[in-house]
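The values are calculated or read from the model by the stated rules, or taken from the named source; none is laboratory data. What you are looking at is a predicted structure, and each value in this text was computed from that prediction instead of being measured. FYI the Cβ positions are ideal-geometry reconstructions off the backbone, even for glycines, and counts take in every protein chain you see. With ligands, DNA and RNA removed, areas are computed over all heavy atoms of the protein, side chains included. Shrake-Rupley method; radii C 1.70, N 1.55, O 1.52, S 1.80 Å.
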Amino acid sequence: MQQEIKKYYPDKQEEFITELFHGRFAFALEKASNDQLIAIAFLKDLMVAYPDILETALEQIANGLVADVTLHKRSTERKTGGDLGLMIVRPQIIRDQKYLIKHGDYRRGILCQAKMKSKDKKWGQFTRQQKKQLPSRMSYLCLLLYSYKDLERRELNNYQWYVCKNDETLDQVAEYLKRDEFPRLLSSESIIAKIGFGMIGTDDDAILDEIVAPKKNTALIIRLFWPNGPWSGPDGGIYIGTSIRIYTAQENDEQYYRQQNEMQY
């Protein structure tokens, strides 16, 4: 995407860059899905979460999982204080006595306020409306920072993100922008991972639907899903035979002597 901007789209602003990013990101996720990388990654997560369940059962669950990303464009005046919502929607698997069952989807997101560094090397400041709305949203707010390396504004830097803290004030964050000094900045990869692991953002449905990703505001939504349904089975569940093994007396003796030899070394 940076190469495209350098060759064809110099000095573009936030909205255009976001749309271009969405297109490149969607293409990458489609390729990863077709190569089954999403399903393989999910299988690894399941194996870590349920080490006692047969791998064949977990494979049935992960099989066919894909990912995509959609960009909901703004159609009304912003009323959230943010420029962009970033939300991840992923499967939620729960364990019953005999089955693993898909229990809806887990949603988590963060509200982003985009700032573009100007030609005079200054960040944009918060508007009066943003100063009114954002202080109550610090626990799930971040800054998305766009900047160029060169004066011709052809070489776009990697995105940088500043995740606000619940105990910070908006005035403190405004001071970071003014001084161009931030306590810590994260990459896009880190932001997506932290949302996915539930380390930042919010999973409050009302906040997600009304502030982070309302239908009429700009939002980038990453989904992990099964296009044809997750799996077949009673009530959408997979029977979870366990991988517990019963050792013979000979195997127990061999294991004992092996442990004794290891202790001697």
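Do the conditions hold for Leu71, that is, is it touching a residue at least 60 places away in the same chain (Cβ under 8 Å) and under 17 Å from Ala213 (Cβ atoms)?
On the way: touching a residue at least 60 places away in the same chain (Cβ under 8 Å): yes; under 17 Å from Ala213 (Cβ atoms): yes.
So Leu71 fits the description; yes.
Of all residues in the stretch 95-110, none satisfies being in contact (Cβ under 8 Å) with a residue 40 or more places away in the chain, more than 17 Å from Ala193 (Cα to Cα), outside any strand (DSSP E or B) and among the aromatic types (Phe, Trp, Tyr). Scanning the stretch 157-174 for residues that are in contact with a Leu (Cβ under 9 Å, 6 or more places away or on another chain) and without any contact (Cβ under 8 Å) to a residue 12 or more places away in the chain yields one hit, Asn157. Checking each residue in the stretch 26-40 for being touching a residue at least 40 places away in the same chain (Cβ under 8 Å) and surrounded by fewer than 18 Cβ atoms within 10 Å (Cβ to Cβ) picks out only Ala26.
Inspect the stretch 81-101 for any residue being open to solvent by less than 70 Å² (accessible area, probe 1.4 Å) and of a type in the set (Asp, Glu) and give the result as yes or no. Scanning the stretch 81-101 turns up at least one residue that is open to solvent by less than 70 Å² (accessible area, probe 1.4 Å) and of a type in the set (Asp, Glu). Contact map, the stretch 175-202: first residue in a loop (DSSP other than H, G, I, E, B), second residue among the basic types (Lys, Arg) and open to solvent by 50 Å² or more (accessible area, probe 1.4 Å), Cβ cut-off under 7 Å, separation 6 or more or different chains; pairs are Ile200/Lys194.
Can you spot a residue in the stretch 175-187 that is open to solvent by 20 Å² or more (accessible area, probe 1.4 Å), small (Gly, Ala, Ser), at pLDDT 95 or above and closer than 26 Å to Leu29 by Cβ? Looking through the stretch 175-187, at least one residue is open to solvent by 20 Å² or more (accessible area, probe 1.4 Å), small (Gly, Ala, Ser), at pLDDT 95 or above and closer than 26 Å to Leu29 by Cβ.
The set of residues in the stretch 199-224 being among the small types (Gly, Ala, Ser), crowded, with 18+ Cβ neighbours inside 10 Å and more than 12 Å from the chain's Cα centre (by Cα) consists of Ala213, Ala219.
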